[in-house]
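Comments concern the structure below.
Only the coordinates and a few stated rules stand behind these numbers; no lab work does. None of the values given here were measured: they were computed from a predicted structure. Here the Cβ positions follow ideal geometry from the backbone for every residue, glycine too, while neighbour counts run over all protein chains shown.
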Amino acid sequence: MRPKAPGLYISKWREEGPVSLEDALNWREDFGWNDWMAIIEAALYLDAAELVELIIPELTPAQRATFDLVRRRMLGDNRLEEAIDKALEVCRSPETRDLALEGRLRMERGLQRFEKGDSEGAEEDLTWAETRLKSVAKASRDHDLSLLNKAAYHMASGEDLMALQVYGDISRQENHAHETIAISRIGASRIHARYERMFDAARNAWNGHAHAILANQVTMAIEAGSLFLDLSIGEQNLEAVRFQEQVDGSKPRDVGEKAPELKVHPDDISGVFDWCMKHLNKDPMGHDRPDLRAMIMMAHRLDRLNEFEWLIEEPNLVDDSMLVAVVLGCSLEDEQKVAWNERMKSLMP
């Protein structure tokens, strides 16, 4: 079993704390964590200052050096490479050695080097970090991050197929966090779609949607669900095998072997659309609402625009000009079109 999310520990502290170190340690064991790092970082970001002060004396030298680095970043310090190197010295010293944190710090240094334009140094550090973390902390939070960061590096470098290979290393059978699997599958889906591998793109979006739900990441689940709908709406077939069966039956293909044709049963389309609509934040306000933009486009394509009457009748509540443009691209009544055009004019600088 994976440890519970550290944010849940902070919620318990807010509801039942402050408590003694002994009680806090018992909670930690109940939550499945073997050390304090994930919890103290969550406490820092969620402003649980008393918990931070309780835990700091319990950190090992390597953990303290890493935590100090995290705190400096949170305070806006971007000149971190020297601090990373000093923390690495602590992690490498025979008296204070920590193999897993050394891997994490190499990952941090790789990201810093990439930001500074040192692509070769970044790749070296990110690859080293992923290899180390795989060997000493496989499927841990830091190992998951190292894989996602390595894939992001390849994407930023225009190496789509290398990124796809890294995403493929995040196996659903190896206890990676559901959130990590969801992020990797969404990324893989987009790469496959760019190369017109539509079945593989839809399969990864489907899996991304499922794992985001398991991770309680509603926004991500809607992102993956709308991606699946976008790929599949035009490929509906009443004779299609239900998509979960297709996913369960898929297997690696030999070089040159043709991919299955994408065919999706309408009930699978409806199921994903209905889930997304049920969990969609129906407050139309906000300057950036990709969830609403995606779902109203899918509703228009599915001839279910009537389910967005609550939005279409309230153009003045919408602050996202891109969302206004999406609504204007749908089939509106003349009076509605006038109202939405007026809203677009009011949002223009």
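For the range 1-97, GluC sites (Glu not before Pro) are listed when DSSP marks them as loop and at most 15 other Cβ atoms sit within 10 Å of their Cβ; the list is 95. Treating each Cα of the chain as an identical point scatterer and summing with the Debye formula, the log10 of I(q)/I(0) at q = 0.12, 0.13, 0.14 Å⁻¹ comes to -1.04, -1.14, -1.22. Collect residues whose amide H, placed 1.01 Å from N in the peptide plane, falls under 5 Å from the amide H of residue 236; neighbours closer than 5 in sequence don't count. Excluding prolines and chain starts, which carry no amide H, the hits are 264.
Only helices enter this figure: runs of n ≥ 4 DSSP H residues, each worth -39500 (n - 2.57), summed and divided by the residues of the chain, yield -20500 deg cm²/dmol at 222 nm to the nearest 500. Counting lysine pairs in the chain that sit 8 or more residues apart in sequence, or on different chains, and whose Cα atoms lie under 27 Å apart gives 22. What separates the Cα centres of the range 47-126 and the range 314-343 is a distance of 48 Å.
Ordered from longest to shortest, the equivalent ellipsoid semi-axes for the range 188-319 are 29, 15, 13 Å, each the square root of 5 times a Cα gyration tensor eigenvalue.
Based on the Cβ-Cβ distance of residue 196 and residue 14, what FRET efficiency does E = 1/(1 + (r/R0)^6) give at R0 = 56 Å, to the nearest 0.05? With R0 = 56 Å, the Cβ-Cβ based efficiency is 0.70. Here the chain is treated with +1 on each Lys and Arg Cβ and -1 on each Asp and Glu Cβ, and its dipole about the Cα centre works out to around 600 debye. Checking every one of the trypsin sites (Lys or Arg not before Pro) in the range 59-160 against DSSP loop status and a limit of 16 other Cβ atoms within 10 Å picks out 79, 97, 116, 138.
Averaging the Cα positions of each part gives two centres, and for the range 199-249 and the range 256-272 these lie 9 Å apart. Semi-axes of the equivalent ellipsoid of the range 272-349 are 20, 14, 10 Å, computed as sqrt(5λ) over the eigenvalues of the C-alpha gyration tensor in descending order.
Expressed as a fraction of 2.2 N^0.38 Å, the C-alpha radius of gyration for the range 1-149 is 1.07.
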